[in-house]
Structures are given as structure tokens and as C-alpha cells.
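Remarks on the structure that follows.
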Amino acid sequence: FTRIASQAPSVVVLLSPNNFAAGKGPFIATNRVWNASTEKALAPAESIIHDLVQQGVVNLNDQPFEKEHGIFNIIPYIKKFFPVTTVIPIIVKDTASDTEVDALGAVLSRVLPADALVIGSFDFSHYLPLPAAEFHDTKSITVLKSFDYEGIKTLDIDSKPGLRLLLKIFDAQGARHFGLLNHSNSAKVVGDATIMETTSYITGLFTQGEAIQEKAFTMLAVGDLMLDRNIRKVIKDKNKWYPFQKILRFLDGQDITVGNLEGGLTNFKPKPLHPMNTTFTFDEALAPFLKKLGFTTFSLANNHTRDFGAKGFAQTKENLTKVGLHYFGDYFNQDHVSVVQEVRGVKVGFVGYHALYGKGFDAVLKELTKLRSSVDFLVVMPHWGIEYNNGFSKLQQKQAHAMIDAGADLVLGGHPHVIQPLEVYKNAMIFYSLGNFVFDQMFSVATQQGLAVGISFSPHEVTYTIFPTRSRALQVALMNAKERATQLHIIAARSIMSPAHKIQLQQGSITFKK
């Protein structure tokens, strides 16, 4: 506010979430006079508000503004720095469609005077520990800089349509240059990095100029996902949200979320519930749910996606395709081994390798070599190793190095159902096993733990942030700060990397400069 106080706008538009979904319609404005009982009352821009109501793009209702902190917490600053301005507060429901948002944005761009100031009052990453919040904020800042409307759809912010509206107004006025002034978090504000539920704050100015189109993306990778046996039962007995209830916010907030789908999405009848049953099928109705959770991509290169034969595998691919989910990999290492996704101009390649089949490694190397020249970041997900063994074999290490030599930037292993050591080889990361993400192997602590990896890619560097997870009562959650620190020290002690990288790992992330 100090930076822009000299501009003295005649009108200030203040956009905020409709946090309580109050009132009718997607957008609500008010004609109330703020601080009316004092000499420093702040008047509404009545004629413009009336115009917006007449054009049918907002509804008028004073009542919802009584509790809307996104509005009344900012009003005093507007009055202090712009004492003679008028104000147009608008609250935005989460249910506002892109069409409705764009229509209001177009009208505001026409009716606002040239000196109008538009303010967005939004909170970023919610209810996550500091490392996870900062990982999500990496994408948020990139979206703001690049005016990435598609990226808003999976942003960790308290009003996705509100932010779209803000950017649409600035876009129409040619104010596409975002300057970051401050990036903080409630954990930093109070000086306690162990808080499990925080809020992030991103402050900046949009000014005349072009957007910064930075080739950057974020990705979250998780381990084995199994939705049969006891997971199927708990979904039936409770609800489909139950296994993910404690990690929902974490799954939504990055560009790509990838995991190993340890079974098929079919209409086949499941085998009777028994701990020795290892023939898996997941309810095909869960496909749209997995997308809603935030998943974008699945590896099918494992020993369970063909548990119900070629027909079950075909159903799985069809069910994923119908809801817009990407997949790659095959039991036989020959069918749809790879897939390429593009995010903000960055091409990300995925290759699957099912080592337990015993054939096809040369084909995987060939696929990696072929993709290398056409993608910016190349990931291979091998399904390999010995179940419940906390170490990897010399053959796995040899294959991991060969895959990196063939062009892979990142190796994300699965199948052992426990966490295995990490390795840095030629500035590429190898995760020999991420362990379980959602699985019902409750017979040991190790099989109820896993790793989620947050990857932040930019033209200048790649950062890997490690998020240990644990499951209790079939619910996966991020480890708390103490548990995370302990787990990271254990992993670092067993991993193959330089002392400098081990220190980074113990602190939670490893960065490679380009």
C-alpha cells in the first residue's frame, strides 16, 4: 500500500472469497458504508455497483460482508492510504464457473475508470506444514507470473475463481507483469516451523508489461497405490475419501501428480477378502475420484495391472482415458511404455519398466534414448527389487545407472513396499523404492511408511523435496516435523551421495543447479 499510495485511485475494487458461501449468485457486492459511525467513513462506488447489478453480473447483499474477513481486514488499509477513494467489495463463490468469471471480468474492464485500483485478498496454501506449503507456493508464484489460467485449476489457494477474475481484469488492461514483494507463511510469522497447519501469503504488484513465461513445473510423485482388499472394505464401510482424508490438501497444488497404480480399474468381481489374496481389481467408478483427488498420471508397469488378464488391462486403460488421466508402462514392457505431458511449455516424459517380467530392459533404454531429445525432463518408474527388503541389489543399481546414462533425469522405484535408500548419480536422483502410499499391509511399521517427492523444475535448477508419509488405520498422512526429521536422517545415513547432498537431504530437499 505504501508503494502505491501516491496514485490516489478514485475507485478501489476489492476481491475476496465468499468463505461462507452466503447469499445468492456467484458474485455478491455491497453498497454499505464502511466505518459509517466515524469521520473516516469509506463510501461505496454506488453508480458502478448499480451498473454491475443492472448488467446481471453481480448480486447486491450487505449481510454476507458482516463476517467476510477477506474484505473487512483490508478495508482499514484502503481507508488509511486512499482516504478519498470509493470502494467496490466483491466476494466470489468457489462454484463460479469460468464463463461467469470471464463475463464479470469483461464488464469490470469496461466500466472501471482508468485510475481504478484492483486488489485481490486471497490466502494461499492452507492446512499444510511449512515444507509442503512452500512446495505448493512454487507453483502459485509461477502461475501468477505467467497468467496461467489452466494452472489455476489445481492451485492451492482459497479462491480459484477469484484469482482467475483478478488476472482477467489485469490481462484486459495490459497489466501482466507480476512483481513479487513478499512471500511468507504463518509458521514463519510465529517462528515455529513444526506447525502442521499453516497458511501462505504471497504479496505482489501487477503493473503494465508482459507476463513472464518461465518454463517451469511442479510434480508430486508417490509410491504404491492399492485400492482392493481392506482398502476396498473401508471405502465401502466408510466412504471413498477415508483413506485420503488426512492428505487431501497435499494432493492438490502441483501441475502433475504421479503414482504407481498397483492393480486395474475394472468391472471384475474382487476376490474374497483375505490377506493372502494378491489378485487385485479396483472399482472402476473410482477413476473420476482419483482425478478429483489431484492425480494426473499413473504407471501401469507392475505385476498387478494384468491380474485380470488382457481384458482387465484394456478396461483399466479405457477407464483412465475416459476421465482424462494419463498412463504409461505395461507388464510386458511393450505396450504404451511412455507418455509425454506438457506444462507451460515444459515437456515431461514418463517411461515405465516392469523388471519382474524379466524382459524388456533394452526396450526401455531405447525408449529413454528416443525421448531424451524431445523432452525437458525425463522420469522412469521401475517396478523392481525384493519385497520388504530395505536395500537394493547391484543389478538394480546397474540398471538405474544405465537408465540415467540413456537420458533419465529421475528414477522413481516401487514394489518393495518399504522405503529404500536414495542415490545421486550424475546429478540425477534415484529413489530405489518410495514404499507404500495407500496399501493395507498393516503387519509392520515399515510397510505403512512411504515417501512422496515434490519436484520443482525451472530453467535454472531442479529441487527435490522429500515428504515422508505414514498410514494409521488405513489413512495416509504426512509425518509431523519430528517424525519427518527422524526419517530423513535415517534415509540420509543409508543413501549414496556426497556429504553436502546428505546435509541437504537431512534438511528436507536436494537442489541441482543447471
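Out of the total accessible area of segment 336-486 (probe 1.4 Å, heavy atoms of protein only), what percent is carbon and sulfur? Ligands and nucleic acids excluded, carbon and sulfur reach 53 percent. Need the C-alpha centroid separation for segment 482-501 versus segment 1-48, integer Å. That distance is 50 Å. Counting Cα-Cα pairs of segment 31-79 in 10 Å increments starting at 0 gives whole-percent bin shares of 23, 51, 25, 1.
With all protein chains kept in place, the per residue accessible area of segment 230-288 amounts to 48 square angstrom at a probe of 1.4 angstrom. In the full protein context, segment 58-117 carries 48 Å² of accessible surface per residue, based on a 1.4 Å probe and ignoring ligands, DNA and RNA. Test of understanding: extend the Cα→C-beta vector of Ala8 to 7 Å, then name every residue of segment 71-98 with backbone N under 15 Å from that spot. Within reach of a label on Ala8, which here means backbone N under 15 Å from a point 7 Å along Cα→Cβ, segment 71-98 contributes 81-86. Once the C-beta distance of Asn390 and His326 is scaled by a Förster radius of 41 Å, the resulting FRET efficiency is 0.85 to the nearest 0.05. Relative to the longest principal axis of the Cα atoms of the chain, the long axis of helix 130-146 lies at roughly 60 degrees. Backbone N atoms of segment 278-293 closer than 16 Å to the 7 Å Cα→Cβ label point of Glu318 belong to residues 282-288.
Convex hull volume of the C-alpha atoms in segment 253-362, normalised per residue: 111 Å³.
Expressed as a fraction of 2.2 N^0.38 Å, the value expected for a compact globular protein of N residues, the C-alpha radius of gyration of segment 400-458 is 1.25. Normalised by 2.2 N^0.38 Å, where N is the number of residues, the alpha-carbon radius of gyration of segment 1-112 equals 1.04.
Taking label points 7 Å from Cα along the Cα-to-Cβ direction, Leu356 and Arg32 give a separation of 6.0 nm. Ranked by the mean number of other Cβ atoms within 10 Å of their residues, highest first, the peptides 197-203, 89-95, 178-184 fall in the order 89-95, 197-203, 178-184. Separation of the alpha carbons by more than 23 angstrom is noted, of Lys292/Lys514; Lys236/Lys269; Lys233/Lys292; Lys160/Lys322; Lys215/Lys502; Lys238/Lys311, for Lys292/Lys514; Lys160/Lys322; Lys215/Lys502; Lys238/Lys311. Subtracting the Cα-Cα distance of Lys269 and Ile212 from their residue separation scaled by 0.36 nm leaves 15.4 nm. Within segment 23-85, the trypsin sites (Lys or Arg not before Pro) that combine a DSSP coil assignment with at most 12 other C-beta atoms in a 10 angstrom radius are Lys24, Lys40, Lys67.
Its Cα gyration tensor gives segment 370-506 an equivalent ellipsoid. The semi-axes, each the square root of 5 times an eigenvalue, are 25, 17, 15 Å from largest down.
Computed over the chain, the quotient of the alpha carbon radius of gyration and 2.2 N^0.38 Å is 1.07.
The values are calculated or read from the model by the stated rules, or taken from the named source; none is laboratory data. Note that this is a predicted model, so its numbers are computed, not measured. Cβ: placed from backbone, ideal geometry, glycine included. Neighbour counts: every protein chain shown. Heavy atoms of the whole protein, side chains included, go into the accessibility calculation; ligands, DNA and RNA do not. Shrake-Rupley method; radii C 1.70, N 1.55, O 1.52, S 1.80 Å.
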